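Asker: Just passing along the structure, written as structure tokens.
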Amino acid sequence: MEQVHGLFAAAQKFQSPVIVQITPAARNYAHPAMLMAMVKAAETIYPDTVYAIHLDHGTEPHAFDAIGQGYTSVMIDASHDPFEKNIARTKAVVEKAHERQVVVEAELGVLSGVEDDLEIADKDALYTNPKQAKEFVERSGCDSLAIAVGTSHGAYKFSGGQGIQFHILEKIQQELPGYPLVLHGSSLVDKNEVALINKYGGNLKEDAAGVTDAELQQSIKYGICKVNIATDLRLLWTRIHREFFSGTPELFDPVIPGKKYMEAYTEFIGKRFAVLGSAGKASSFKSTHHAQK
Ligand code: CO
């Protein structure tokens, strides 16, 4: 609820279109109906917003359930399957989704890091093969493609210092000019936030690291048009709450730090809009958005 408020308040304040992205883990935690109700409520509370609701890292049952619920976009993540099986699974979801005018994100290549309950060792991370990316998109019919070019999920991106592999990203763009590419694991992982979390009782490792603003802006030039940001918002939650309760051990009302989190969330997301170039662009989507209702 705090995240929905924070996001929609930022979208309205800075006039940026947003993608509300919901994971299967979040749906398990809160219940899919609860999350959808909050997003629908946010639409009435923040009427000047333009948003999409997207399912992150779904399997077929998640995707079909989300489509039935009114999501505008779903991800089918069969990236851990062999190439042919990934195509077949993606194509089956694309066919059903397109019947309902829902767009589909797929994934090719394997990111390292933590993905809900799945952990992939760095050495097993597989970068996306550019030629395979083109074939995958053509044969599966997916509308956007998440690629593995060096980012990872969680707070310990680039522990090996390798960074985004721009030479691979460039080749993917050359194979798929103008096609929407998606970068998962796009959090900044601000070292100041990590230090504050540790100062107030946390125990995150010193080598926590993320994607810089310059890397994100460079990625956009190479065709990235959707970035996934989750870790930063979790770090923000942890820092706000640890700092608050450490400083006021006599308090126990969740709405006080909750309010601080919402405000900090809005401020943080506003800065992301500025870096990513989406601030002020909601109006260019409004005519089509309202025509669909
Ligand atoms: Co992801």
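Asker: Please go through segment 104-147 and give me each residue that is at pLDDT below 60, part of a loop (DSSP other than H, G, I, E, B) and within 11 Å of the ligand (Cβ to nearest atom), ordered by number.
Answerer: Selection gives 116 alone.
Residues checked against (1) of a type in the set (Phe, Trp, Tyr); (2) in contact with a Lys or Arg (Cβ under 8 Å, 6 or more places away or on another chain); (3) without any contact (Cβ under 8 Å) to a residue 60 or more places away in the chain:
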site	(1), (2), (3)
22	no, no, yes
25	no, no, no
29	yes, no, yes
42	no, no, yes
47	no, no, yes
69	no, no, yes
72	no, no, yes
78	no, yes, yes
84	no, no, yes
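Asker: Moving to a separate point now. Quick check: anything in segment 20-38 open to solvent by 10 Å² or more (accessible area, probe 1.4 Å), over 26 Å from residue 284 (Cβ atoms), part of a strand (DSSP E or B) and within 16 Å of the ligand (Cβ to nearest atom)?
Answerer: Scanning segment 20-38 turns up no residue that is open to solvent by 10 Å² or more (accessible area, probe 1.4 Å), over 26 Å from residue 284 (Cβ atoms), part of a strand (DSSP E or B) and within 16 Å of the ligand (Cβ to nearest atom).
Asker: Give the residues of segment 137-160 that are out of contact with any strand residue (DSSP E or B) (no Cβ under 8 Å at 6 or more places or on another chain) and open to solvent by 50 Å² or more (accessible area, probe 1.4 Å), sorted by residue number.
Answerer: Selection gives 138, 139, 160.
Asker: Is it the case, given these coordinates, that residue 236 is over 29 Å from residue 279 (Cβ atoms) and either open to solvent by less than 70 Å² (accessible area, probe 1.4 Å) or touching a strand residue (DSSP E or B) at 6+ places or on another chain (Cβ under 6 Å) (or both)?
Answerer: Values: over 29 Å from residue 279 (Cβ atoms): no; either open to solvent by less than 70 Å² (accessible area, probe 1.4 Å) or touching a strand residue (DSSP E or B) at 6+ places or on another chain (Cβ under 6 Å) (or both): yes.
When the stated conditions are applied, residue 236 does not pass them.
Asker: Inside segment 194-225, can you point out the residues that are at pLDDT 95 or above, outside any helix (DSSP H, G or I) and crowded, with 20+ Cβ neighbours inside 10 Å?
Answerer: Of everything in segment 194-225, those that are at pLDDT 95 or above, outside any helix (DSSP H, G or I) and crowded, with 20+ Cβ neighbours inside 10 Å turn out to be 223, 224.
The values are calculated or read from the model by the stated rules, or taken from the named source; none is laboratory data. Predicted model, so just to flag it, every value in this text is computed and none were measured. Heads up, the Cβs are rebuilt from the backbone with ideal geometry, glycines too, and the neighbour counts pull from every protein chain shown. With ligands, DNA and RNA removed, areas are computed over all heavy atoms of the protein, side chains included. Shrake-Rupley method; radii C 1.70, N 1.55, O 1.52, S 1.80 Å.
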